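In what follows, a single structure is set out as C-alpha coordinates and then discussed.
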Amino acid sequence: MANEGVTIYFVRHGETYLNHYGRMQGWSNAPLTDNGIEDVHRCGRGLADVKFDAVYTSDLTRTQDTAGIILEENGQADNLTMVQMPEFREVFFGSYEGMFGSEAWGSVAKHMGYETTQDMFMNTDIPARMNAFREADPYHDAENFMMFWDRVEKGLIKLIDKHRDSGETILLVAHGGTIRYILQNLIPDLTDTQALLNASVSVASYHGGKYHLDRYNDVSHFKDAE
(Lines give C-alpha, C1' and ligand atoms only; values in the text may rest on other atoms or scores of the structure.)
Protein backbone atom coordinates (compact mmCIF):
# COMPACT_ATOMS: atom_id res chain seq x y z
CA MET A 1 0.00 0.00 0.00
CA ALA A 2 3.05 2.21 -0.23
CA ASN A 3 1.91 4.42 -3.10
CA GLU A 4 -1.84 4.64 -2.68
CA GLY A 5 -1.76 8.33 -1.80
CA VAL A 6 -4.82 10.17 -0.50
CA THR A 7 -7.77 11.91 -2.16
CA ILE A 8 -9.23 15.08 -0.66
CA TYR A 9 -12.73 16.34 -1.42
CA PHE A 10 -12.66 20.10 -0.77
CA VAL A 11 -16.22 21.38 -0.31
CA ARG A 12 -17.09 25.03 0.17
CA HIS A 13 -19.79 25.64 2.78
CA GLY A 14 -23.34 26.44 1.70
CA GLU A 15 -24.59 30.00 1.25
CA THR A 16 -24.88 32.01 4.46
CA TYR A 17 -26.82 35.19 5.14
CA LEU A 18 -23.64 37.27 4.95
CA ASN A 19 -22.92 35.70 1.53
CA HIS A 20 -26.50 36.50 0.50
CA TYR A 21 -26.14 40.13 1.59
CA GLY A 22 -22.76 40.55 -0.13
CA ARG A 23 -20.92 41.23 3.13
CA MET A 24 -17.35 40.33 4.09
CA GLN A 25 -17.28 37.02 5.93
CA GLY A 26 -13.97 35.76 7.22
CA TRP A 27 -14.01 34.63 10.83
CA SER A 28 -17.56 35.91 11.36
CA ASN A 29 -20.23 33.26 11.88
CA ALA A 30 -23.53 33.42 10.01
CA PRO A 31 -26.17 30.71 9.59
CA LEU A 32 -26.83 28.99 6.27
CA THR A 33 -29.76 30.36 4.28
CA ASP A 34 -32.64 28.05 3.27
CA ASN A 35 -31.23 28.02 -0.27
CA GLY A 36 -27.79 27.27 1.16
CA ILE A 37 -29.14 24.32 3.12
CA GLU A 38 -30.96 22.96 0.07
CA ASP A 39 -27.86 23.25 -2.13
CA VAL A 40 -25.78 21.36 0.44
CA HIS A 41 -28.43 18.59 0.47
CA ARG A 42 -28.21 18.49 -3.35
CA CYS A 43 -24.42 18.34 -3.13
CA GLY A 44 -24.59 15.57 -0.52
CA ARG A 45 -27.00 13.49 -2.63
CA GLY A 46 -24.56 13.76 -5.53
CA LEU A 47 -21.77 12.44 -3.27
CA ALA A 48 -23.88 9.63 -1.82
CA ASP A 49 -21.70 6.94 -3.43
CA VAL A 50 -18.42 8.37 -2.11
CA LYS A 51 -17.14 6.58 0.98
CA PHE A 52 -15.24 8.99 3.21
CA ASP A 53 -12.66 7.70 5.68
CA ALA A 54 -12.35 10.94 7.65
CA VAL A 55 -14.00 14.36 7.73
CA TYR A 56 -12.47 17.71 8.65
CA THR A 57 -13.96 21.19 8.89
CA SER A 58 -12.81 24.60 10.01
CA ASP A 59 -14.01 25.59 13.49
CA LEU A 60 -16.62 27.98 12.05
CA THR A 61 -20.23 26.84 12.24
CA ARG A 62 -21.04 27.17 8.54
CA THR A 63 -18.53 24.45 7.64
CA GLN A 64 -19.70 22.15 10.43
CA ASP A 65 -23.35 22.57 9.43
CA THR A 66 -22.44 21.87 5.81
CA ALA A 67 -20.42 18.75 6.65
CA GLY A 68 -23.26 17.44 8.85
CA ILE A 69 -25.74 17.66 5.98
CA ILE A 70 -23.35 16.00 3.52
CA LEU A 71 -22.70 13.11 5.92
CA GLU A 72 -26.46 12.76 6.51
CA GLU A 73 -27.09 12.45 2.75
CA ASN A 74 -24.03 10.22 2.47
CA GLY A 75 -25.28 7.81 5.13
CA GLN A 76 -22.11 8.22 7.18
CA ALA A 77 -23.32 10.62 9.89
CA ASP A 78 -23.25 7.91 12.56
CA ASN A 79 -19.82 6.43 11.89
CA LEU A 80 -17.64 9.47 11.17
CA THR A 81 -16.60 12.13 13.68
CA MET A 82 -16.03 15.64 12.39
CA VAL A 83 -12.62 17.01 13.36
CA GLN A 84 -12.56 20.80 13.66
CA MET A 85 -9.34 22.51 12.60
CA PRO A 86 -9.03 26.28 13.07
CA GLU A 87 -6.13 26.17 10.59
CA PHE A 88 -8.72 25.94 7.80
CA ARG A 89 -10.66 29.09 8.69
CA GLU A 90 -11.34 31.68 6.01
CA VAL A 91 -9.05 34.70 5.70
CA PHE A 92 -9.59 37.14 8.59
CA PHE A 93 -10.68 40.57 7.30
CA GLY A 94 -10.16 42.45 10.57
CA SER A 95 -12.34 45.54 10.98
CA TYR A 96 -13.74 44.97 7.46
CA GLU A 97 -15.64 41.89 8.73
CA GLY A 98 -19.36 42.29 8.04
CA MET A 99 -18.85 45.33 5.78
CA PHE A 100 -20.36 45.29 2.29
CA GLY A 101 -17.80 43.69 0.01
CA SER A 102 -17.94 46.53 -2.49
CA GLU A 103 -17.13 49.04 0.27
CA ALA A 104 -14.28 46.97 1.75
CA TRP A 105 -12.64 46.22 -1.60
CA GLY A 106 -13.09 49.86 -2.64
CA SER A 107 -11.13 50.91 0.44
CA VAL A 108 -8.34 48.45 -0.36
CA ALA A 109 -8.23 49.55 -4.02
CA LYS A 110 -7.90 53.16 -2.92
CA HIS A 111 -5.09 52.18 -0.52
CA MET A 112 -3.29 50.46 -3.40
CA GLY A 113 -3.64 53.53 -5.61
CA TYR A 114 -6.30 52.24 -8.02
CA GLU A 115 -9.37 54.23 -9.02
CA THR A 116 -11.62 51.18 -9.29
CA THR A 117 -11.70 47.69 -7.79
CA GLN A 118 -11.73 46.33 -11.34
CA ASP A 119 -8.37 48.00 -12.04
CA MET A 120 -7.00 46.55 -8.80
CA PHE A 121 -8.12 42.99 -9.59
CA MET A 122 -6.71 43.20 -13.11
CA ASN A 123 -3.31 44.46 -12.01
CA THR A 124 -2.58 42.72 -8.69
CA ASP A 125 -2.32 39.19 -7.37
CA ILE A 126 -3.88 37.59 -4.29
CA PRO A 127 -0.87 37.99 -1.95
CA ALA A 128 -0.58 41.69 -2.79
CA ARG A 129 -4.28 42.29 -2.16
CA MET A 130 -4.22 40.39 1.14
CA ASN A 131 -1.18 42.37 2.29
CA ALA A 132 -2.98 45.59 1.34
CA PHE A 133 -6.05 44.46 3.32
CA ARG A 134 -3.96 44.34 6.49
CA GLU A 135 -2.33 47.70 5.74
CA ALA A 136 -5.66 49.38 4.92
CA ASP A 137 -7.44 47.98 7.98
CA PRO A 138 -7.40 50.86 10.53
CA TYR A 139 -6.71 48.30 13.29
CA HIS A 140 -4.22 46.26 11.19
CA ASP A 141 -5.95 43.09 12.38
CA ALA A 142 -6.70 41.64 8.94
CA GLU A 143 -4.46 38.75 7.93
CA ASN A 144 -1.79 39.34 5.33
CA PHE A 145 -0.89 36.54 2.96
CA MET A 146 1.92 34.96 4.98
CA MET A 147 -0.10 34.99 8.22
CA PHE A 148 -2.93 33.24 6.40
CA TRP A 149 -0.78 30.78 4.47
CA ASP A 150 1.37 29.81 7.48
CA ARG A 151 -1.66 28.61 9.43
CA VAL A 152 -3.33 26.89 6.46
CA GLU A 153 -0.10 25.12 5.52
CA LYS A 154 0.24 23.81 9.09
CA GLY A 155 -3.22 22.26 8.77
CA LEU A 156 -2.40 20.71 5.40
CA ILE A 157 0.82 19.21 6.72
CA LYS A 158 -1.11 17.65 9.63
CA LEU A 159 -3.62 16.13 7.21
CA ILE A 160 -1.05 14.80 4.76
CA ASP A 161 1.19 13.43 7.51
CA LYS A 162 -1.75 11.52 8.97
CA HIS A 163 -3.26 10.20 5.74
CA ARG A 164 -0.43 10.05 3.20
CA ASP A 165 -0.25 6.80 1.21
CA SER A 166 -3.30 5.47 3.05
CA GLY A 167 -5.47 5.19 -0.04
CA GLU A 168 -8.14 7.02 1.95
CA THR A 169 -10.71 9.56 0.80
CA ILE A 170 -11.00 12.65 2.99
CA LEU A 171 -13.80 15.22 3.18
CA LEU A 172 -12.59 18.72 4.02
CA VAL A 173 -15.33 21.36 4.32
CA ALA A 174 -13.83 24.83 4.36
CA HIS A 175 -14.16 28.26 2.76
CA GLY A 176 -14.05 29.77 -0.72
CA GLY A 177 -10.86 31.74 -0.25
CA THR A 178 -9.14 29.04 1.79
CA ILE A 179 -9.80 26.24 -0.72
CA ARG A 180 -8.94 28.37 -3.74
CA TYR A 181 -5.65 29.58 -2.25
CA ILE A 182 -4.73 26.03 -1.16
CA LEU A 183 -5.28 24.68 -4.65
CA GLN A 184 -3.50 27.58 -6.35
CA ASN A 185 -0.45 26.97 -4.18
CA LEU A 186 -0.48 23.17 -4.57
CA ILE A 187 -1.46 22.77 -8.23
CA PRO A 188 1.02 24.69 -10.41
CA ASP A 189 -1.02 24.28 -13.60
CA LEU A 190 -4.34 25.40 -12.10
CA THR A 191 -5.48 28.09 -14.52
CA ASP A 192 -9.17 28.23 -13.61
CA THR A 193 -9.04 30.50 -10.57
CA GLN A 194 -12.65 31.73 -10.53
CA ALA A 195 -14.25 32.22 -7.13
CA LEU A 196 -15.76 29.02 -5.77
CA LEU A 197 -19.50 28.53 -5.72
CA ASN A 198 -21.23 27.71 -2.44
CA ALA A 199 -21.40 23.93 -1.85
CA SER A 200 -19.08 23.30 -4.83
CA VAL A 201 -16.67 20.37 -4.86
CA SER A 202 -12.99 20.43 -5.81
CA VAL A 203 -11.07 17.15 -5.69
CA ALA A 204 -7.30 16.83 -5.39
CA SER A 205 -5.26 13.66 -4.98
CA TYR A 206 -1.81 13.47 -3.41
CA HIS A 207 0.55 10.69 -4.41
CA GLY A 208 4.21 10.40 -5.21
CA GLY A 209 4.84 13.69 -3.42
CA LYS A 210 2.67 15.64 -5.87
CA TYR A 211 -0.86 16.99 -5.96
CA HIS A 212 -3.14 16.34 -8.93
CA LEU A 213 -6.39 18.21 -9.54
CA ASP A 214 -9.35 16.06 -10.57
CA ARG A 215 -12.24 18.55 -10.24
CA TYR A 216 -12.52 22.28 -9.56
CA ASN A 217 -15.57 24.30 -8.49
CA ASP A 218 -17.87 21.47 -9.60
CA VAL A 219 -21.62 21.55 -9.01
CA SER A 220 -22.55 19.24 -11.89
CA HIS A 221 -23.12 16.38 -9.42
CA PHE A 222 -25.92 18.23 -7.56
CA LYS A 223 -28.94 15.95 -7.28
CA ASP A 224 -32.52 16.97 -6.47
CA ALA A 225 -34.66 14.93 -4.10
CA GLU A 226 -36.64 12.23 -5.88
Estimated 222 nm signal from helices in the chain, with DSSP H stretches of n ≥ 4 weighted -39500 (n - 2.57), rounded to 500: -12500 deg cm²/dmol
Loop-resident sites, region 80-141, for chymotrypsin sites (Phe, Trp or Tyr not before Pro), counting at most 14 other Cβ within 10 Å (DSSP): Tyr139
Heavy-atom accessible area per residue - the chain, 1.4 Å, Å²: 48 Å²
Derived scalar couplings ³J(HN,Hα) [region 209-226; Karplus, 6.51 cos²θ - 1.76 cosθ + 1.60; whole Hz; x for Gly, Pro]: x, 10, 9, 10, 8, 9, 8, 9, 6, 8, 10, 5, 7, 3, 10, 6, 5, 8
Sparsely packed chymotrypsin sites (Phe, Trp or Tyr not before Pro) within region 1-71, loop by DSSP, other Cβ within 10 Å at most 15: Tyr21
Segment Val219-His20, length gained on full extension (0.36 nm per residue, minus Cα span): 69.8 nm
Under 5 Å, built H, 5+ apart or other chain: amide partners of Tyr56: Val83, Leu171, Leu172, Val173
Range in the chain, longest, excluding exposed trypsin sites (Lys or Arg not before Pro) [loop by DSSP; at most 16 other beta-carbon atoms within 10 Å]: 52-163
Beta bridges per DSSP with both ends in the chain, % antiparallel, nearest 5: 50 percent
For region 138-154, Karplus couplings with θ = phi - 60° (6.51, -1.76, 1.60), whole Hz, Gly/Pro x: x, 8, 6, 8, 4, 6, 8, 5, 5, 4, 5, 5, 4, 6, 5, 4, 4
Listed candidates [x] 16.9; [y] 18.1; [z] 17.5 - label of the one calculated as Kirkwood radius over Cα pairs in Å: [y]
Cα lying deepest toward the dipole's positive end in region 60-105, options Ile70, Ser95, Met82, charges on Cβ: Ser95
For region 176-190, Karplus couplings with θ = phi - 60° (6.51, -1.76, 1.60), whole Hz, Gly/Pro x: x, x, 4, 5, 4, 5, 4, 5, 5, 7, 8, 10, x, 9, 6
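The values are calculated or read from the model by the stated rules, or taken from the named source; none is laboratory data. On a predicted model such as this, the values are computed, not experimentally measured, just so you know. As a convention, Cβ positions derive from the backbone with ideal geometry for all residues, glycine included, and neighbour counts pool all protein chains shown. Each accessible area value is taken on the protein alone, full model and side chains, heavy atoms only, with ligands, DNA and RNA left out. Shrake-Rupley method; radii C 1.70, N 1.55, O 1.52, S 1.80 Å.
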